[in-house]
Amino acid sequence: MRPLRYARAQDVPQAVRMLGAAPYGAYLAGGTNLVDLLKLGVATPELLVDVRRLTSERIEDLPDGGILVGAAVRNSELAADPTIRTRYPVLSQALLAGASGQLRNLATTGGNLLQRTRCPYFQNITTPCNKRVPGTGCSAREGYQRDMAILGASPECVATHPSDMAVALTALDAVVHTRGPDGDRRIPLTELHRLPGEEPGRDTVLRHGELIMNVELPPLGFAANSRYRKVRDRASYAFALVSVAAAVDLVDGVVRDVRLALGGVAHRPWRATVAERLLRGAPATERSFADAADAELARARPLPGNAFKVPLARAVIIRSLLDLSVDLAEDGR
Ligand SMILES: Cc1cc2nc3c(=O)[nH]c(=O)nc-3n(C[C@H](O)[C@H](O)[C@H](O)COP(=O)(O)OP(=O)(O)OC[C@H]3O[C@@H](n4cnc5c(N)ncnc54)[C@H](O)[C@@H]3O)c2cc1C
Ligand code: SF4
């Protein structure tokens, strides 16, 4: 038995102080990921600081036209919010593509972003895993590879990030607001999660004790024309093999602007900047979409067991962009 303390703070500063003083402590939100990892013996914190009632549960309009989402907003509430559904449908769709209704009722915005990889070796304490125990090796390299990364992996770790919501937020250029022992920070979603490199144990750039307070969605008019498409092995309760979050702004059949992010392919949500650059100013045709997908995926380094993800990602990118272009044409926009 390992001793584990549970604590509730009076306010955010106290929570940050409590965790700052406990090097092996962790924040607890909905608990839908962390409690599973506790039961498996993967997470072994000495202290849990409950933050469910500390951070904001509100979805607020910002003066610049953006939206501020509190870290304690439940996934189900965010998915159902009328403003999110009409102005950022990709976010609502990504949330609804994840987990189940019961889980989404508990899971929070902050916890969803920081959920840990579903690599089976990470979750099994009897197998070597550099992410769980640095220096022990990576069982996936010679093992089960279907769910693993094709982009940005390292010899130390080929795991993927599991969150659907984070892929949509990456496409939308969301910004995470944090408060930690060293003060407040604003971190673009594109910079929150790390590639594994030589330190696969660190999923994000957050420092110990840093608490996610809010997620800011900047105003993005054409995000109303956005979509999330997820390919998985089962219709529910399955993480993405490949997913695509896309938003497109078309004028007279030409792509004026675009946002594109991929899930299930890397250690972090993958912003497809190479494809975006090629698409801006290009005709909205299947040829342009295929060229952009090929350019983005030219950097893919699949393993023998997940090489299928490259053509799959290509197909899902093209289909997503075609669907959004057809939607616009039909609306006469
Ligand atoms: C069966 C099952 C199926 C699932 N399927 C999917 C799926 O298809 N797609 C998907 O995206 N997800 C899926 N999930 C994962 C689910 O979305 C996450 O478990 C959930 O979003 C985590 O949120 P939480 O509030 O429960 O976090 P917790 O479990 O409480 O915490 C997760 C991590 O975040 C940290 N944390 C929490 N809040 C904060 C904060 N404010 N600041 C700093 N750190 C914080 C905790 O310390 C912990 O490390 C599935 C989960 C299960 C159990
Ligand atoms: S891929 Fe990463 S998480 Fe999975 S076994 Fe290798 S080091 Fe561990």
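The values are calculated or read from the model by the stated rules, or taken from the named source; none is laboratory data. Predicted model only: the values in this text are computed from it and were never measured. When we count neighbours, we look across all protein chains shown, and the Cβ atoms used for this are built from the backbone with ideal geometry, even at glycine.
Of all residues in region 150-179, count the ones that are more than 16 Å from ligand 2 (Cβ to nearest atom) and either of a type in the set (Gly, Ala, Ser) or more than 15 Å from the chain's Cα centre (by Cα) (or both). Spell out the reasoning first.
Here is the first cut: in region 150-179, the residues more than 16 Å from ligand 2 (Cβ to nearest atom) are 164-179.
From what is left, the residues that are either of a type in the set (Gly, Ala, Ser) or more than 15 Å from the chain's Cα centre (by Cα) (or both) are 166, 168, 171, 174, 177-179.
Adding up the residues that qualify gives 7.
Look at residue 126 and say whether it is in contact with a strand residue (DSSP E or B) (Cβ under 9 Å, 6 or more places away or on another chain) and modelled with pLDDT of 95 or more.
On the way: in contact with a strand residue (DSSP E or B) (Cβ under 9 Å, 6 or more places away or on another chain): no; modelled with pLDDT of 95 or more: yes.
Criteria not met by residue 126.
Only one of these is surrounded by 15 or more Cβ atoms within 10 Å (Cβ to Cβ) and more than 19 Å from residue 213 (Cα to Cα): 42, 16, 35. Name it. Steps first, please.
Values: 16 fails: more than 19 Å from residue 213 (Cα to Cα); 35 fails: surrounded by 15 or more Cβ atoms within 10 Å (Cβ to Cβ).
After ruling out the rest, the residue left standing is 42.
List the number of the failed condition for residue 115; all other conditions in (1) polar (S, T, N, Q); (2) touching a strand residue (DSSP E or B) at 6+ places or on another chain (Cβ under 9 Å); (3) within 16 Å of ligand 2 (Cβ to nearest atom); (4) under 30 Å from residue 226 (Cα atoms) hold.
Exception for residue 115: condition (2).
Residues to consider are 234, 268, 207, 227; find the one that is surrounded by fewer than 22 Cβ atoms within 10 Å (Cβ to Cβ), within 20 Å of the chain's Cα centre (by Cα) and closer than 30 Å to residue 46 by Cβ.
Values: 234 fails: closer than 30 Å to residue 46 by Cβ; 268 fails: surrounded by fewer than 22 Cβ atoms within 10 Å (Cβ to Cβ); 227 fails: closer than 30 Å to residue 46 by Cβ.
Among 234, 268, 207, 227, only 207 is surrounded by fewer than 22 Cβ atoms within 10 Å (Cβ to Cβ), within 20 Å of the chain's Cα centre (by Cα) and closer than 30 Å to residue 46 by Cβ.
Within region 182-205, identify whether any single residue is assigned to a helix (DSSP H, G or I), within 16 Å of ligand 2 (Cβ to nearest atom) and without any contact (Cβ under 8 Å) to a residue 40 or more places away in the chain, and answer yes or no. Even if it seems obvious, please write down each step before you answer.
As a first pass, look at region 182-205 and keep what is assigned to a helix (DSSP H, G or I): 189-192.
In the following step, the residues that additionally are within 16 Å of ligand 2 (Cβ to nearest atom) were identified as none.
Looking through region 182-205, none of the residues is assigned to a helix (DSSP H, G or I), within 16 Å of ligand 2 (Cβ to nearest atom) and without any contact (Cβ under 8 Å) to a residue 40 or more places away in the chain.
If you check every pair at least six apart or on different chains, which have Cβ atoms under 8 Å apart with a residue in region 262-287 that is under 14 Å from residue 321 (Cβ atoms) and in contact (Cβ under 8 Å) with a residue 24 or more places away in the chain first and a residue that is buried (at least 16 other Cβ atoms within 10 Å of the Cβ) and of a type in the set (Phe, Trp, Tyr) second?
Here the result reads 262/270; 279/289, each pair linking region 262-287 to a residue that is buried (at least 16 other Cβ atoms within 10 Å of the Cβ) and of a type in the set (Phe, Trp, Tyr).
Within region 249-277, count every residue that is of a type in the set (Gly, Ala, Ser), in contact with a Leu (Cβ under 6 Å, 6 or more places away or on another chain) and not in a helix (DSSP H, G or I).
Residues of region 249-277 of a type in the set (Gly, Ala, Ser): 253, 261, 263-264, 266, 272, 275.
This time we only want the ones that are in contact with a Leu (Cβ under 6 Å, 6 or more places away or on another chain), so: 264, 266, 272, 275.
Then keep just the ones that are not in a helix (DSSP H, G or I); that gives 264, 266, 272.
Total meeting the criteria: 3.
Only one of these conditions is not met by residue 134: (1) over 27 Å from residue 310 (Cα atoms); (2) surrounded by fewer than 24 Cβ atoms within 10 Å (Cβ to Cβ); (3) out of contact with any Gly (no Cβ under 6 Å at 6 or more places or on another chain). Which number is it?
(3)
Applying the selection to region 206-245, what residues are among the charged types (D, E, K, R), near ligand 1 (Cβ under 9 Å from one of its atoms) and part of a strand (DSSP E or B)?
At the first step, the residues of region 206-245 found to be among the charged types (D, E, K, R) are 207, 210, 216, 227, 229-230, 232-234.
Within this subset, residues satisfying the condition of being near ligand 1 (Cβ under 9 Å from one of its atoms) are 210, 230, 232.
The one that is among the charged types (D, E, K, R), near ligand 1 (Cβ under 9 Å from one of its atoms) and part of a strand (DSSP E or B): 230.
Name the residue that is nearest to ligand 1 (Cβ to nearest atom), counting only residues in region 121-143 that are assigned to a loop (DSSP other than H, G, I, E, B) and hydroxyl-bearing (Ser, Thr, Tyr).
Our first condition is that a residue be assigned to a loop (DSSP other than H, G, I, E, B); within region 121-143, this holds for 121-128, 130-137, 143.
Retained after the next criterion (residues that are hydroxyl-bearing (Ser, Thr, Tyr)): 121, 126-127, 136.
Working: 121: 18, 126: 21, 127: 20, 136: 21 Å.
Among them, the one singled out is 121.
Give me the residue from region 104-113 that is out of contact with any His (no Cβ under 9 Å at 6 or more places or on another chain) and not hydroxyl-bearing (Ser, Thr, Tyr) and, out of that set, farthest from ligand 1 (Cβ to nearest atom). Steps first, answer last, please.
We begin by selecting, within region 104-113, every residue out of contact with any His (no Cβ under 9 Å at 6 or more places or on another chain); these are 104-112.
Restricting the remaining residues to those that are not hydroxyl-bearing (Ser, Thr, Tyr) gives 104-107, 110-112.
Working: 104: 7, 105: 10, 106: 6, 107: 3, 110: 3, 111: 2, 112: 3 Å.
Residue satisfying both the conditions and the ranking: 105.
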